[in-house]
Amino acid sequence: MSNHPRRLLFCLIVGSVLVSGLFFRVLQDTVLVRTQPSTKPVDGPLSDREHELLAKLLNIPVQSKPYGENHSSFLTNQTNVTEDVIPNPLPQLYPELHAKIPKTLLPQYKSPCWHYNGKLTCLPYFYLIGMPKCGTTDLWDKLVQHPQVAKVPKEPHWWAKRRNGWTKTPIHAEQVQRIRKMTKGTDDASVDWYLNWFRTFAVPSVKKNKKIVFGDGSVSTSFHALAQWRQLFPGSVDPPYNLPDLMNSVQPSAKIIAIIRDPVSRFYSAHLYNGGKNNMSCKKAAKESVACMETCLQHHTDRLKEAKRPFSIFPLKVRLLRNTILLPLFISCNQLFRGMYFIYLNDWIKAFGSTQVHVILLDDWISKPVEAYRDVIEFLELDPLSDSAIESITKTTVKNSQKKKKKKAGDLLPTSKKLLQDYYRPYNHQLADLLNSSKYLWDY
């Protein structure tokens with residue numbers, strides 16, 4: 001992990017973690033990574049009274065050091081710690097997870113299955129990790145129409161959210177309550193909760209046909225780091241292990257699917273989906289998002305990360321300082337983060353390898369659905385279907401489309417488009433290099 005790039009700095013991690021309401025829990029006090037700060041300065045300058053006030057409020061030492069040339073290089077290329085990592089600490093950090101999910105599986109099942117307390121138990125064969133507002137609902141709806149894929153509730157949100165204390169039920173409320181009764185409580189964090197989810201909704205199909213597989217379509221899985229990384233690795237600048245690493249340590253043969261689109265159009269779609277009115281409101285949101293992200297990187301990357309107080313106090317404290325950068329960061333930058341695909345996919349590919357991560361471009365899914373669908377089922381090693389069978393699946397109505405809302409809202413304004421394109425361009429170039437295809441440049 002010594003060459004682990006600086007791709008998930010505080011502004012990115014805390015923005016996604018706090019917006020989703022994750023809770024930090026200390027699992028172990030043992031320090032498994034020893035870090036030494038480099039002599040290269042990494043902290044940004046304090047230039048205004050509000051940031052000084054926030055630093056004082058959170059008991060964070062004030063420093064003034066220059067940054068890299070731009071936010072992208074700072075996020076992804078700088079290395080300012082050397083790490084001495086004890087090999088594979090994750091089984092020790094997450095003993096329940098590794099104790100209840102064995103390495104040896106039942107070979108007669110295509111899905112990863114075993115017997116647990118005398119009951120057939122299975123994990124997802126594949127994970128549709130995201131990205132949000134990139135066509136995951138439509139892809140999922142059509143994927144489960146393959147006769148070899150079981151239809152299960154799409155988004156349990158366990159790995160990234162429920163495992164860390166999240167208990168909300170924006171979707172699948174009835175199913176969540178049903179599993180809570182089985183685990184005798186409202187705490188969804190236990191491994192048994194997740195195993196019971198699929199034991200209830202997927203295993204009956206697997207019992208009938210050993211070739212049946214199923215997935216987990218929780219889009220939160222794509223962009224969350226390990227919520228407890230600061231407690232587990234005190235002094236580490238970035239999480240030396242993250243969610244893809246944890247999932248790989250439990251299920252190294254899992255197949256990962258991601259569908260993405262032009263991050264600029266994704267930003268506009270997410271803006272409208274989350275209550276934005278039109279292209280004028282998106283102009284304001286885009287301007288605020290880019291400004292707060294760049295200011296955060298300029299002021300708070302390492303300083304806030306080194307805060308000794310728990311992150312759980314931040315929302316309350318930040319509300320006392322409504323004009324500081326942090327409150328708009330959590331609200332506005334949340335959607336800006338999610339279009340920085342390189343940062344997330346780089347982690348997944350490093351953890352699972354490129355042969356186990358399949359990336360779909362939404363443009364291809366729309367313009368060449370038969371070919372795109374065939375590629376997915378080939379990646380999943382499912383039984384092939386005829387072109388006519390695939391056509392009958394892919395020609396069905398697009399799920400979760402916002403065409404009417406977008407028509408009413410108007411096209412994205414040229415100034416907003418340019419601002420977002422300029423912001424995302426360096427990440428797109430890194431993504432194109434990672435996936436070895438210029439189509440991920442989106443021609444800007």
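The values are calculated or read from the model by the stated rules, or taken from the named source; none is laboratory data. Just so we're clear, the structure is a prediction, and the values are computed from it rather than from any experiment. Cβ atoms come from the backbone with ideal geometry, glycine included; neighbour counts cover every protein chain shown.
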List pairs: first in the stretch 116-127 and within 21 Å of Pro252 (Cβ to Cβ), second basic (Lys, Arg) and in a strand (DSSP E or B), Cβ under 7 Å, 6+ apart or cross-chain?
Tyr125/Lys255; Phe126/Lys255
Quick one: Ser220 ticks every box in (1) small (Gly, Ala, Ser); (2) surrounded by fewer than 16 Cβ atoms within 10 Å (Cβ to Cβ); (3) in contact (Cβ under 8 Å) with a residue 60 or more places away in the chain bar one, so which box is it?
(2)
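Is there a residue being within 27 Å of Gln148 (Cβ to Cβ), out of contact with any Cys (no Cβ under 9 Å at 6 or more places or on another chain) and not in a loop (DSSP other than H, G, I, E, B) anywhere in the stretch 409-420?
There is no residue in the stretch 409-420 that is within 27 Å of Gln148 (Cβ to Cβ), out of contact with any Cys (no Cβ under 9 Å at 6 or more places or on another chain) and not in a loop (DSSP other than H, G, I, E, B).
Residue-wise test of (1) among the polar types (S, T, N, Q); (2) closer than 30 Å to Val191 by Cα; (3) surrounded by fewer than 20 Cβ atoms within 10 Å (Cβ to Cβ).
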{"residue": "Gln231", "(1), (2), (3)": "yes, yes, yes"}
{"residue": "Leu243", "(1), (2), (3)": "no, yes, no"}
{"residue": "Pro263", "(1), (2), (3)": "no, no, no"}
{"residue": "Tyr268", "(1), (2), (3)": "no, no, no"}
{"residue": "Tyr273", "(1), (2), (3)": "no, no, yes"}
{"residue": "Lys277", "(1), (2), (3)": "no, no, yes"}
{"residue": "Ala285", "(1), (2), (3)": "no, no, no"}
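Scan the stretch 349-362 for residues that are assigned to a helix (DSSP H, G or I) and either without any contact (Cβ under 8 Å) to a residue 12 or more places away in the chain or out of contact with any helix residue (DSSP H, G or I) (no Cβ under 8 Å at 6 or more places or on another chain) (or both) and jot them down. Can you show your working first?
Going through the stretch 349-362, the residues assigned to a helix (DSSP H, G or I) turn out to be 349-352, 354-356, 362.
Within the stretch 349-362, Ser354, Thr355, Gln356, Leu362 meet the criteria.
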Hey, any hits in the stretch 233-245 for a residue that's of a type in the set (A, V, I, L, M, F, W, C), in contact with an Asp or Glu (Cβ under 9 Å, 6 or more places away or on another chain), modelled with pLDDT under 95 and in a helix (DSSP H, G or I)?
yes
Cβ pairs under 9 Å, 6+ apart or interchain, first in the stretch 202-216 and without any contact (Cβ under 8 Å) to a residue 60 or more places away in the chain and part of a helix (DSSP H, G or I), second surrounded by fewer than 23 Cβ atoms within 10 Å (Cβ to Cβ) and basic (Lys, Arg), ordered by first then second residue, are Ser205/Lys151
